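Down below is the structure, laid out as structure tokens.
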Amino acid sequence: MKIIDLRSDTVTLPTREMLESILTAPLGDDGWRDDPTVIKLEELAAEKMGKEAALLVPSGTQGNAVSILAQTERGGEIILGARSHIYNIEGGHYSLIGGLVPRPLRDDDGCMNPHEVEAAIRPRRPGFPGTSLICIENTHNAAGGIALSPEQTKAIWDVAQDHGIPMHTDGARIFNAAVYHGIDVRELTRYTDSVMFCLSKGLSAPIGSLVCGTEEFIERARNIRRILGGTMRQAGVIAAPGIIALTKMVDRLKEDHETARMLAEGLKRFEGIKILNPVQTNMVYIDIRGTGMTGYELSQRLAPFGIKIGGRRGTVIRLVTHRGIEKEDITYFLECLEKILSK
Ligand code: TLP
């Protein structure tokens, strides 16, 4: 039975071409900057993001941590979205390791209000944790894969620039945002000092994320990556599939957006199910309260059909489309749901 895994786009498996690329990739010790495949990927990533340099890290979480630590000093404050991944789901590295105080602001629709960001900024004075960094997330996961526009990004950037504060973008899925808006990703990344993006989500690489910014920032980030235990040796085995992800998998993200829209459209027929977000990219959040079931119960009922769904707390469920989900899988999922709900 085919497993239809709607829990996340992190479950995508590498393509055959990605796996084969590992066999022939030239390798070396990246701790010595001797791995040509890593260097190639980092140069490619920097170019795609319109930044001077890039650094390969094992995960998005480490990429965000490294980016934050490289741009702040202990005792400062970071402004970030109250529903952001960095604030909620990364173990609080900014406080635990970085000694930073978080200042979460409203980001219900995916983007903080620039006026509220401005009002939250405070200078560093004795007794006050001064604002050290502003973070945004694009696409915004918890808001429903919302794709922030260049205008929204610029509005926050202008505030950051006016106050001389650096800005970081958690761009785990920034290519989804660029594809949604039909623009070059640089239209988004020009309004941020640093950006982290993931190879291992919709782009389908097995492992890896990149941090991009100035040469100087990347040097500091490299040192912090070492401290966090992130130095990888023959990391070309990770970089080789990453190069394929970056060069061949970006345009196909629009297929994931189409399947997500098809899914949302199909879900409208179920009275007890409410779609919670405008479906722009590859995520559909639903509230199934009206069915009388919890997310956990529904996931149990779908399991025998080979369907996996996430968000098992309460009645809110996140459904994510990706390369492993075809249009027929959506049709099958909707049929299974129909069977379960009509009983
Ligand atoms: N998100 C994962 C889970 O942690 C929820 C997912 O399935 O969506 N930024 C954003 C916006 C993310 O969504 C994620 C992963 C990360 C950072 C962290 O990336 P990894 O998992 O590579 O550390």
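The values are calculated or read from the model by the stated rules, or taken from the named source; none is laboratory data. The structure presented is a predicted model; accordingly, all values stated were derived computationally and were not measured. Glycine gets a Cβ as well: all are built from the backbone with ideal geometry, and neighbour counts include every protein chain shown. Note: accessible area is taken over every heavy atom of the protein model, side chains too, but ligands, DNA and RNA are not part of it. Shrake-Rupley method; radii C 1.70, N 1.55, O 1.52, S 1.80 Å.
The figures follow:
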item	result
Per-region count, the stretch 290-309, residues under 21 Å from residue 256 (Cα atoms) and surrounded by fewer than 16 Cβ atoms within 10 Å (Cβ to Cβ)	2
Sole exception among (1) in contact (Cβ under 8 Å) with a residue 40 or more places away in the chain; (2) open to solvent by 70 Å² or more (accessible area, probe 1.4 Å) for residue 240, by number	(2)
Extreme residue, nearest to the ligand (Cβ to nearest atom), among residues of the stretch 298-343 that are small (Gly, Ala, Ser) and outside any helix (DSSP H, G or I)	310
Some residue of the stretch 212-230 being open to solvent by 30 Å² or more (accessible area, probe 1.4 Å), within 15 Å of the ligand (Cβ to nearest atom) and under 24 Å from residue 255 (Cβ atoms)	no
